[in-house]
Every structure is written in C-alpha cells, then in structure tokens.
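A.B. asks: Take this structure first; my questions come after.
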Amino acid sequence: MEHSKMVELRLTAEEAETVYEVVTAHLGRMSMEIADTDNPRYRSHLRERREILIRLRDSLAIAVD
C-alpha cells in the first residue's frame, strides 16, 4: 500500500464522534463483505481499506474520549 501525503482535518468534538460512529458501523459490516467476496483482488482491496478505517477509527477514538 502506498502512503500519500499527510492531511490535517480539524473537527469539532461532535463531528469527530459522528465520524467515529460511522466508521465503526462500516467496519462492522466489512468482515461479512470480505468473507462473501469471491474475487481475491477485490478481497485484498477490501482488507486494505479495512486497515485504513481501523487506523482512522483508532485516531478518532483518542479524540472522542
């Protein structure tokens, strides 16, 4: 996975909590989608996206605590 430049995003506490909730909900559905995918390349793509979302969720968790 290629890393791109860093982007800083300023959110209010309410915005950060909302994004955290949306990302967490999506992550909950991704495991099933990955398991149901027959295409190995697409499955790999989904796993990479899941890792990105996990990092995002973990960063947001610090902000919403």
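The values are calculated or read from the model by the stated rules, or taken from the named source; none is laboratory data. In this text the structure is predicted, and so the values were computed from the model without any measurement. Here the Cβ positions follow ideal geometry from the backbone for every residue, glycine too, while neighbour counts run over all protein chains shown.
A.B. asks: Could you check ASP58 against (1) over 23 Å from SER4 (Cα atoms); (2) without any contact (Cβ under 8 Å) to a residue 12 or more places away in the chain and say which number it fails?
C.D. replies: Tallying (1) over 23 Å from SER4 (Cα atoms); (2) without any contact (Cβ under 8 Å) to a residue 12 or more places away in the chain, ASP58 fails exactly one: (1).
A.B. asks: Next up: Go through segment 1-24 and report how many residues are exposed (fewer than 10 other Cβ atoms within 10 Å of the Cβ) and either part of a helix (DSSP H, G or I) or touching an Asp or Glu at 6+ places or on another chain (Cβ under 8 Å) (or both).
C.D. replies: Residues of segment 1-24 that are exposed (fewer than 10 other Cβ atoms within 10 Å of the Cβ), as a first pass: 1-10, 12-14.
From the residues that got through so far, the ones that are either part of a helix (DSSP H, G or I) or touching an Asp or Glu at 6+ places or on another chain (Cβ under 8 Å) (or both) too are 1, 13-14.
Looking only at that region, the number is 3.
A.B. asks: Right, something else. Suppose the filter is at pLDDT 95 or above, small (Gly, Ala, Ser), surrounded by 10 or more Cβ atoms within 10 Å (Cβ to Cβ) and over 24 Å from ALA13 (Cα atoms); does SER44 pass it? Steps first, please.
C.D. replies: Values: at pLDDT 95 or above: yes; small (Gly, Ala, Ser): yes; surrounded by 10 or more Cβ atoms within 10 Å (Cβ to Cβ): yes; over 24 Å from ALA13 (Cα atoms): yes.
Against the criterion (at pLDDT 95 or above, small (Gly, Ala, Ser), surrounded by 10 or more Cβ atoms within 10 Å (Cβ to Cβ) and over 24 Å from ALA13 (Cα atoms)), SER44 qualifies.
A.B. asks: Here's something else I'd like to know. Mind checking which residues of segment 31-41 are surrounded by 10 or more Cβ atoms within 10 Å (Cβ to Cβ) and among the charged types (D, E, K, R)? Write out each step before concluding.
C.D. replies: In the first step, residues of segment 31-41 are kept if they are surrounded by 10 or more Cβ atoms within 10 Å (Cβ to Cβ); the result is 31, 33-34, 37.
Across segment 31-41, the qualifying residue is only GLU33.
A.B. asks: OK, next. Give all pairs with beta carbons closer than 6 Å in which a residue from segment 26-39 that is closer than 10 Å to ARG50 by Cβ meets a residue that is among the charged types (D, E, K, R) and in a helix (DSSP H, G or I); count only pairs at least 6 apart in sequence or on separate chains.
C.D. replies: If the second residue must be among the charged types (D, E, K, R) and in a helix (DSSP H, G or I), the pairs left are MET30/ARG50; ILE34/ARG43.
A.B. asks: Looking only at segment 1-52, how many residues end up being closer than 27 Å to ASP65 by Cα, under 15 Å from the mean Cα position of the chain (by Cα) and of a type in the set (D, E, K, R)?
C.D. replies: Matching residues across segment 1-52 total 8.
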